[in-house]
1. Output the residue which, of all residues in region A:232-247 that are touching a residue at least 60 places away in the same chain (Cβ under 8 Å) and more than 16 Å from A:Met165 (Cβ to Cβ), is nearest to the other protein chains (Cβ to nearest Cβ).
2. Can you find even one residue in region B:90-103 that is farther than 17 Å from B:Leu247 by Cα and within 14 Å of chain A (Cβ to nearest Cβ)?
3. I need the strands (runs of 3 or more DSSP E) fully contained in region A:117-198, keeping only those with at least 2 residues that are over 14 Å from A:Val254 (Cβ atoms).
4. Looking only at region B:150-157, decide whether some residue is basic (Lys, Arg) and either at pLDDT 85 or above or on the phi > 0 side of the Ramachandran plot (or both).
5. Can you give me the ranges of the helices (runs of 4 or more DSSP H) entirely in region A:44-111 with at least 1 residues that are of a type outside the set (Asp, Glu) and over 28 Å from B:Asp254 (Cα atoms)?
6. Based on this model, can you work out whether A:Tyr318 counts as among the aromatic types (Phe, Trp, Tyr) and within 20 Å of A:Gln363 (Cα to Cα)?
7. Could you tell me how many of the residues in region B:65-116 are free of Cβ contacts under 8 Å to residues at least 12 places away in the same chain and either more than 16 Å from B:Thr213 (Cα to Cα) or polar (S, T, N, Q) (or both)?
8. Does B:Ser85 count as in contact with an Asp or Glu (Cβ under 6 Å, 6 or more places away or on another chain), outside any strand (DSSP E or B) and of a type outside the set (Asp, Glu)?
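The values are calculated or read from the model by the stated rules, or taken from the named source; none is laboratory data. Everything quoted here is computed from the prediction, not taken from an experiment. Every residue, glycine as well, gets a Cβ built from its backbone with ideal geometry; the counts of neighbours run over all protein chains shown.
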Amino acid sequence: MKKILVVVLVLLSVVAFSKTTITFWHAMSGSNLTAVDNVVKGFNESQNEIEVVAQFTGSYAETLTKAIAAYRTGTHPHIVQVYEVGLQTMLDSGAILPVYQLAEPGFDWGDVVTPILNYYSVNDQLYSMPFNSSTAILYYNKDIFAAAGLDPNKPPSTFDELYEMGKKIVQSGASQGGISFGWPAWVFEQMHATHAQFYANNENGREAKASQVLFNGEFGQKVFIEWMKWAQDKVFVYGGREYSANTAFLTGQVAMLIQSTSSVGSIQKTASFNVGTSFLPRMEGYPRGNSVIGGATIWVLKGKSEAENKAVWEFLKYIIRPEVSLQWHKSTGYFPSSNTTVKLLMDEGWFASQPNHLTAFLQILSGSNIPEAQGVRLGNFVAIRDVVDSAVEKAVQYKGKDYEKEAKRILDDAAKECNNILREYIQLYGD
Amino acid sequence: MQRRFPNRVLPYILLSPSIVIVIIFLIVPTVQSIYMSFFRVSPFGDRKFFVGFENFTRLFQSSAYLHSLIITLIFAVLVVLIGLSLGTVIAVLLNQKLRGLFVYRTFFIWTYAISPAIAGTIWALMFNPSSGPIVYIIRSITGIGINWMTDRNLALAVVVIAASWKMLGYNIIFYLAGLQAIPEELLESASIDGASGVTKFFKIILPLLSPTTFFLLIMNMLYAFFDVFGLIDIMTKGGPGDATELLVYKLYRDGFISMNTGFASAQSVVLFVFVAILTVLQFKYTERKVFYG
């Protein structure tokens, strides 16, 4: 009897003093992986009750797939980083715990930077924790601009300027190509937002579930025609999906790059030339919109104990602490999530010494806050982006001269496929 | 029939581990795939409804799927042709008595030991449009910059090269073994009769290698259909556009990226039936021509 009592006591004490372990799956690789590890390490050292274990689980798409597979077998992590296109899937999943429910009553969300708050809110309630939000900006190689006889402090601000400058760069031999894009389909979405165009019906799926994409309209065709024209003149060089175009830019094969702000850190560190950044180029004759949020947020998955959920909330509160999000911004280039952090950064002169970190901010704050630019919410957006990526790839390979017809054909095909995806999604979840 | 086992139960016990493995890893998933192919399932699996044959009819109406099928056939034919012909030639060369032969042999067979992910990375780096050595050499010689990320045919060609290269070591091992089983006397007497090297190769060596060739034909075909996922994923992700979207890769994209489990299951059922038919046809028509000596 004594023995049993001892065993029970020992077990109890182990339980009482053991830490709550929180698993966190994420998709941050390269220098961003180190940044995540630093955030997690900082949290683990800041207290004794909770131990967060961060695990890199592959690309965004792979991480989402793994999390879903794990959820179905009950082996899911407490929190998972999901990219912006997973928004509708997560909202409908029935597998999540919205952060507004997790937070203690009266928690002040007002400090979260407005475009981020809008993007991830439904009926003014925040569903996932802002972590690494970004937007797309234009990067350019000042050395190549100078070598081509262009003013290194005057990047293009319109499509026409970009085309002219690109041709000059290619013809002068300063570089083999003008521009390349990271995340091509995302850049296409950005173009809609910055020109105040809807990408899908029902206000980009924010009023009700979108049942139809609108990117094959006159505007989308116009963008594709321009890109096809650029590609044929080597002004546009296709560099692959996600981040693979960065290589072309860093090795000087192209003079410009449209890429997520999350690459500011790594590009500045790696580039052997002077890097400039600017706002996304626009087409004239369209209303001014705003660039849209990308990147990812942290979702809390259901099915864990009350104590564990509380621990998760402690961690989530930690990552939007001003000093944490400040460090996160500096080491990655992602937006600091709170307004307090922005002020801290400004006060210490960070933006003055690091103007490339300011570009995205100025861009997103100088645009107008219209529904077209608050973000697109689509059922199975992951699949839709895949379709659009393929469409861009088809367009830039086109060798003929009948741009209008080809752009319309490619976009109509893509739209048809996307509308099918949306229809099936609505069949599953209702509208 | 002769009974070799004193015990009636023992053979079943001895077989049971492999039977269990086959059931768990092959039979159950196959049955599940067939079952799932009649449903539409939500990503998290919380909603699902019966759709009958809709997944299948959609499949055969989809131009993307038919395109993928054609690309896969082209890919498989090229990989098998290149793999077998190059494999025979290199094996014959390696079957000669040369100094340091085992070094060459090791180098050639090496490729099979490399994982698909690493093989894919090597080729992707070599053909990288901005920093790849092969691209650099071609540009230095011809002045043409090649970019397989925007050129459909080139992308398919590079993937075919990588896939054939990866399987080459395997083919060489089997051909070497086949060559070493050919009796010396046959070749000697042919030489005495005045047969040239070329005649010996086509009239004696090739026919005697036919069992090996037949085996490798099936193995290479299965490889080209099922085993190239890693290469494609690392190198092209099915792109540019849908230029290298082979059936297995499309299945993965629909099932694991788009999370359309029912549709992907239908594809796996079709792929399974398709390869089964091809294999049966091969056994039926090709095996007649095989000479087992």
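1. Top of the filtered list is A:Tyr238.
2. For region B:90-103, residues farther than 17 Å from B:Leu247 by Cα and within 14 Å of chain A (Cβ to nearest Cβ): absent.
3. In region A:117-198, A:129-134, A:136-141 are the strands (runs of 3 or more DSSP E) which contain 2 or more residues that are over 14 Å from A:Val254 (Cβ atoms).
4. No: zero hits.
5. Qualifying helices (runs of 4 or more DSSP H): A:99-102.
6. So A:Tyr318 does not fit the description; no.
7. 16
8. In short, no.
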